[in-house]
Amino acid sequence: MNASGYGQRVIAQVSGLNPDRVWSRRLMVLQAFVDDSTTEQGNFVLAGYLATAEEWLRFSEEWGPLARSWGTLQPDGNYIFKMRDMAALPERRERVAAFYRIIERHDLAGFAVGMNKRSYARAKQRLWISKMSIDWDIHANPFNVLFFFLISNLVSLINEFPSVWD
């Protein structure tokens, strides 16, 4: 499979190999792109998509040029799609559908995990063990809890890609 500059970047990232040599090998590479969102009411979500390296390559061939045309320029010189930025202006909101159509055309497994931060804090306060102190350590941060949940359930997401296991 030939790839433009956008696709070449994906191949280099997911395989660590020279793109010219990638297709002569059988790769089992799945990559997820995850973003977080929080509302004023305390709702916190991690959401994203999971796909094979080959599908990310095809996806990137469409997404890259559209992001460069309609995305938001970052300080590092890259253009990205960030829903918060797209929702800020009416003309940007109108562009969201074009990005979503690209997502729909590709074999991406969507996922989302969420919680309410305030409810989580109250639940931690109500939990007790007689004569013991609970050290929440890494679980004090709701991001870490959701990320752990997401990773621990990754197998069910991977099962959406049976062709990877053939």
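The values are calculated or read from the model by the stated rules, or taken from the named source; none is laboratory data. This one's a predicted model, so the numbers in the text were calculated from it and none came from an experiment. Methodologically, a virtual Cβ is constructed for each residue, glycine included, from the backbone with ideal geometry; neighbour enumeration extends over all protein chains shown. Side chains are part of the model used for accessible areas, which takes the heavy atoms of the whole protein and leaves out ligands, DNA and RNA. Shrake-Rupley method; radii C 1.70, N 1.55, O 1.52, S 1.80 Å.
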Exercise. Six or more apart or on different chains, Cβ under 8 Å: which pairs go from a residue in the range 40-60 that's over 19 Å from residue 111 (Cβ atoms) and of a type in the set (A, V, I, L, M, F, W, C) to one that's at pLDDT below 85 and open to solvent by less than 20 Å² (accessible area, probe 1.4 Å)? Could you list them?
Key: 57/7; 57/10; 57/11
Quiz item: Which pairs do you get when a residue that is farther than 16 Å from residue 48 by Cβ, found in the range 85-109, comes within reach of a residue that is polar (S, T, N, Q) and open to solvent by 70 Å² or more (accessible area, probe 1.4 Å), reach meaning Cβ atoms under 9 angstrom, with the pair 6+ apart or on two chains?
Solution: 95/69
Quiz item: (1) outside any helix (DSSP H, G or I); (2) open to solvent by 30 Å² or more (accessible area, probe 1.4 Å); (3) touching a strand residue (DSSP E or B) at 6+ places or on another chain (Cβ under 8 Å): which one isn't true of residue 68, the others all being true?
Solution: (1)
Self-check item: Test for residue 118: is it within 20 Å of residue 36 (Cβ to Cβ), touching a residue at least 24 places away in the same chain (Cβ under 8 Å) and open to solvent by 100 Å² or more (accessible area, probe 1.4 Å)
Solution: yes
Quiz prompt | The lone exception for residue 141 - which of (1) open to solvent by less than 90 Å² (accessible area, probe 1.4 Å); (2) closer than 23 Å to residue 44 by Cβ; (3) touching a residue at least 12 places away in the same chain (Cβ under 8 Å) it fails | solution = (3)
Exercise. Quick one: residue 102 ticks every box in (1) assigned to a helix (DSSP H, G or I); (2) modelled with pLDDT of 90 or more; (3) over 23 Å from residue 63 (Cα atoms) except a single one, so which number is it?
Key: (3)
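With 85, 76, 35 as the choices, which residue is under 24 Å from residue 158 (Cα atoms) and among the charged types (D, E, K, R)?
Sole residue among the options that is under 24 Å from residue 158 (Cα atoms) and among the charged types (D, E, K, R): 35.
Conditions (1) more than 28 Å from residue 143 (Cα to Cα); (2) at pLDDT below 85, marked per residue:
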| site | (1), (2) |
| --- | --- |
| 19 | yes, yes |
| 22 | yes, yes |
| 32 | no, yes |
| 39 | no, no |
| 43 | no, no |
| 54 | yes, yes |
| 63 | no, no |
| 93 | no, no |
